[in-house]
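Participant: Before anything else, here's the structure in question.
No lab work stands behind these numbers, since they all come straight from the coordinates. Just so it is clear, the structure is predicted and the values come from calculations on it, not from any experiment. Here the Cβ positions follow ideal geometry from the backbone for every residue, glycine too, while neighbour counts run over all protein chains shown.
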């Protein structure tokens, strides 16, 4: 089992239509604070990003935001974070978050969340890192995506071992244990 000192959380800048999304995001932040695991996030005070950060901060956790300069405005940046790192671009934000984190969790979100998720799991597939990547499948949000990933595998575009790199649970403590117990796929198997 790996000790997880920091986890990057990718999630929506909106809260979604169901209260369960915000509730579980807050619970994730609270749980990680209780484990002594720091959170690396996008630095916003909006949507699920705000819920995760507040869940951790309200319970003594540490949260580091990584925000591009053009988003670092009063109405968007969370002013109560433990640390805020301002970077030049979205690309630098993702890269910096990847370096600072020992694992990654994606919550429900839109294009930006999916971009972050697929980039980081692709980097794992290519052997650029050996860190676990998980989905918190709140309210079955990721079920259609998981079906699509199964289709990619069935149709020969994704190997089973690469499909299985993505750890999935709708339960925060269970997902945390999956991340801790992750055994990386051998690197160098690009296709």
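Participant: Would you work out the relative contact order for segment 1-146, in percent, from Cα pairs under 8 angstrom that are 6 or more residues apart?
Facilitator: 27
Participant: Take the alpha carbon gyration tensor of segment 98-191, find the square roots of its eigenvalues, order them as a ≥ b ≥ c, and report rounded if a/c is under 1.5; if not, report prolate when a/b exceeds b/c, else oblate.
Facilitator: rounded
Participant: How much of the DSSP bridge set in segment 37-88 is antiparallel, in percent, rounded to the nearest 5?
Facilitator: 10
Participant: Can you give the extra length, in nm with one decimal, that the chain gains between residue 159 and residue 72 once fully stretched, where that is 0.36 nm per residue apart less the Cα-Cα distance?
Facilitator: Once the chain is fully extended between residue 159 and residue 72, it gains 27.4 nm.
Participant: At a Förster distance of 25 Å, what's the computed FRET efficiency of residue 126 paired with residue 79, Cβ-Cβ distance as r, to 0.05? Show your work: numbers first, answer last.
Facilitator: Values: r = 37 Å, r/R0 = 1.47.
Between residue 126 and residue 79 the formula returns 0.10.
Participant: Determine the calculated [θ] at 222 nm for the chain from helices alone, applying -39500 (n - 2.57) to every DSSP H run no shorter than 4 residues and normalising by the residue count; nearest 500 deg cm²/dmol.
Facilitator: After summing the helix terms and dividing by residue count, I get -12500 deg cm²/dmol.
Participant: Which whole number of Å³ per residue matches the convex hull of the alpha-carbon atoms in segment 9-89?
Facilitator: 77
Participant: For a test of the definition: using alpha carbon positions, the gyration tensor, and the 1.5 limit on a/c, classify segment 84-143 as rounded, prolate or oblate.
Facilitator: Judged from the Cα gyration tensor, segment 84-143 comes out oblate (a/c at least 1.5, b/c at or above a/b).
Participant: In addition: Could you give the spread of the C-alpha atoms of segment 50-93 along their three principal axes, from largest to smallest, in whole angstroms?
Facilitator: 31, 20, 14
Participant: Still on this structure: As a test, work out the antiparallel percent of DSSP beta bridges whose residues both lie in the chain, rounded to the nearest 5.
Facilitator: In the chain, approximately 5 percent of DSSP beta bridges are antiparallel ones.
Participant: Classify segment 140-188 as rounded, prolate or oblate, taking a ≥ b ≥ c as the square roots of the eigenvalues of its Cα gyration tensor: rounded when a/c is under 1.5, otherwise prolate if a/b is larger than b/c and oblate if not.
Facilitator: Working: a/c = 4.36, a/b = 1.20, b/c = 3.62.
Oblate.
Participant: Would any residue of segment 14-46 have its amide N under 13 Å from a label point 7 Å out along Cα→Cβ of residue 59? List them or say none.
Facilitator: 23-39
Participant: So if R0 is 45 Å, what FRET efficiency would residue 17 and residue 100 give, r being the distance between their Cβ atoms, rounded to the nearest 0.05?
Facilitator: Working: r = 31 Å, r/R0 = 0.70.
After rounding to 0.05, the efficiency reads 0.90.
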